[in-house]
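One structure below.
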Amino acid sequence: MDIKLTKTGDDAYTLKIDSICIENISMGELSTLSQLIDTDVFYREDVNNYIEDNGLEINEETFEEILEKYAELRSDNNGAECGMSWTECLAEAFESIVDDDDSD
């Protein structure tokens, strides 16, 4: 797969992935794309592994809530900035969702 990102203006980029070309992407849109990739690929795998390693069974809605919380904690503005490791962020995400579910 050939991926190329080219700056084409002050806040504009062109992204080429093989024969697909997306023009006039802003830095903000690239940041959003990066966050989506992190969440849907890497963070999802972390959450799946945590569930398997701990023998947990959760429904899809709870999984998505945990994934969202974990991604929030892993972002530069939250847990990672506060010095939390990825495992601490993951444990915190599970605890916050499980605690919320238990209070119902």
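The values are calculated or read from the model by the stated rules, or taken from the named source; none is laboratory data. Every value quoted in this text rests on a predicted model; they were computed, and no experiment measured them. Glycine gets a Cβ as well: all are built from the backbone with ideal geometry, and neighbour counts include every protein chain shown. With ligands, DNA and RNA removed, areas are computed over all heavy atoms of the protein, side chains included. Shrake-Rupley method; radii C 1.70, N 1.55, O 1.52, S 1.80 Å.
Panel values: the stretch 6-53, Kirkwood radius from alpha carbon pairs, Stokes-Einstein at 25 °C and 0.890 mPa s, translational diffusion coefficient 197 µm²/s. With axes computed from alpha carbons, what is the tilt in degrees of helix 27-37 against the longest principal axis of the chain, rounded to the nearest 10 within 0 to 90? Compared with the principal axis, the helix lies near 40 degrees.
Rolling a 1.4 Å probe over the protein chains gives ASP40 an accessible area of about 80 Å².
Of the accessible area of the stretch 16-78, computed with a 1.4 Å probe over protein heavy atoms only, carbon and sulfur atoms account for 46 percent. Length gained on full extension, CYS21 to GLU61: 11.0 nm, using 0.36 nm per residue less the C-alpha separation.
For the peptides 66-72, 43-49, residues were scored by their other Cβ atoms within 10 Å and the scores averaged per peptide; the highest-first order is 66-72, 43-49. Rounded to the nearest 10 degrees, the angle from helix 60-74 to the longest Cα principal axis of the chain is 70 degrees. When volume of the Cα convex hull per residue in Å³ is computed from the coordinates, the matching label among [x] 108; [y] 173; [z] 142 is [z]. Accessible area per residue for the chain is 71 Å², calculated with a 1.4 Å probe on protein heavy atoms, without ligands, DNA or RNA.
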